[in-house]
Structures are given as structure tokens and as C-alpha cells.
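Student: First the structure, then my questions, so here it is.
No value in this document is a laboratory result; all are computed from the given coordinates. This one's a predicted model, so the numbers in the text were calculated from it and none came from an experiment. Here the Cβ is made from the backbone with ideal geometry for all residues, glycine too, and neighbour counts use every protein chain on show.
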Amino acid sequence: MSPQRLDDAACTAAARLLSASLAERTTIGEAVGILQCTHGCDAGEAVRVLARGAGGNGAEAARVTAAADDAAESGADPDYWGWA
């Protein structure tokens, strides 16, 4: 049995789906970190807080991340070691 080859359109659609999925998972990961820092909770509790938000984990994670980004000072993120 040989592997099935996808056409260019199917490959492009699969790549877009994968990219969107990774972007959402990254946003959720950032929001979990934000909640852990601001609420002093563990990752499991942070995910449960996100799940209670309107629109599911992804929408609530995007809202939390946007709120933190809006409140942050440019270059103040210690992960950047002063690089802006």
C-alpha cells in the first residue's frame, strides 16, 4: 500500500489548519502563564478558568492575552531581557 499524495489545494488547506491550531494553542499557553502569575494558581486551575470564559478556551485566552498586552509597558517583559 503506497501513501496517498494530496494535491496542492489540500496541502495548502492542511497547512492553514495546522497554523491556526498552533496559533490558538500558543495563545492558550500564554494566557495560562498570565493567569498563573496574576492569580497564583497552577496550570490546571488556569485552564479551568479559561474554560469558564465566554466563547471557550481560545476566545477567553485571546481576551486575557490582549488585556495583558494592553497593560504591559513596551519592552518591560522580563523574558526579553530589555530587548524591545
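Student: What number comes out for the charge environment of Cys41, summing +1 per Lys or Arg and -1 per Asp or Glu over other residues with Cβ under 14 Å away? Before the final figure, lay out each step's value.
Tutor: Values: positive: Arg48, Arg52; negative: Asp42, Glu45.
Taking every Cβ under 14 Å from that of Cys41, the sum is 0.
Student: How charged is the neighbourhood of Gly55? Take every other residue with its Cβ under 13 Å from the Cβ of Gly55, and add Lys/Arg as +1 and Asp/Glu as -1.
Tutor: Numbers: positive: Arg52, Arg63; negative: Glu24, Glu60.
Local net charge: 0.
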